[in-house]
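K.L.:
Structure provided below as structure tokens; questions to follow.
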Amino acid sequence: MIIASLFIVKAVFVGVMAVAVVVGLWELTSRLEARKGIKAPLVPLAVGGAAMVVAGYVRGPRGRLGGDGAHRAGRPGVAHDG
């Protein structure tokens with residue numbers, strides 16, 4: 001079904017990928033907290049991750065970079081490697 005959405009309605013595939021990114025980030029933040037005691041902010045990470053997927057679909061590579069910038073802006077004080 002997921003692969004079929006790629007060929008039939010690409011917007012549905014983008015939605016599936018955005019959900020996959022959010023689930024992956026939830027898993028990552030859960031494991032970081034459980035094993036290392038690191039409390040990563042899930043909501044800003046999930047919003048930024050989903051925004052990058054949608055922006056990449058809507059605007060192409062430049063849109064993805066804009067989503068990445070918005071994602072990073074939500075995490076002040078965190079070092080970035082650019």
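The values are calculated or read from the model by the stated rules, or taken from the named source; none is laboratory data. Computed from a predicted structure; not experimentally measured. Cβ atoms come from the backbone with ideal geometry, glycine included; neighbour counts cover every protein chain shown.
K.L.:
Tell me whether region 36-52 contains one or more residues that are in contact with an Asp or Glu (Cβ under 6 Å, 6 or more places away or on another chain) and assigned to a helix (DSSP H, G or I). Steps first, please.
P.N.:
Taking region 36-52 as the starting set, the residues that turn out to be in contact with an Asp or Glu (Cβ under 6 Å, 6 or more places away or on another chain) are 39, 52.
Next cut, assigned to a helix (DSSP H, G or I) only: 52.
Yes, the conditions are met somewhere in region 36-52.
K.L.:
Scanning region 47-65 for residues that are farther than 13 Å from Val22 by Cα and buried (at least 16 other Cβ atoms within 10 Å of the Cβ), which turns out modelled with the lowest pLDDT? Break it down into steps so the answer makes sense when it comes.
P.N.:
Looking only at region 47-65, we keep the residues that are farther than 13 Å from Val22 by Cα, and these are 55-65.
From what is left, the residues that are buried (at least 16 other Cβ atoms within 10 Å of the Cβ) are 55-57, 63-64.
Details: Ala55: 86, Gly56: 84, Tyr57: 87, Gly63: 67, Arg64: 61.
My answer is Arg64.
K.L.:
Consider region 7-30. How many of its residues are loosely packed, with under 12 Cβ neighbours inside 10 Å and of a type outside the set (A, V, I, L, M)?
P.N.:
Qualifying residue count for the region: 3.
K.L.:
Which one of these is more than 16 Å from the chain's Cα centre (by Cα), exposed (fewer than 13 other Cβ atoms within 10 Å of the Cβ) and at pLDDT 85 or above: Ala79, Ala4, Ala34?
P.N.:
Details: Ala79 fails: at pLDDT 85 or above; Ala4 fails: at pLDDT 85 or above.
Residue meeting the stated conditions: Ala34.
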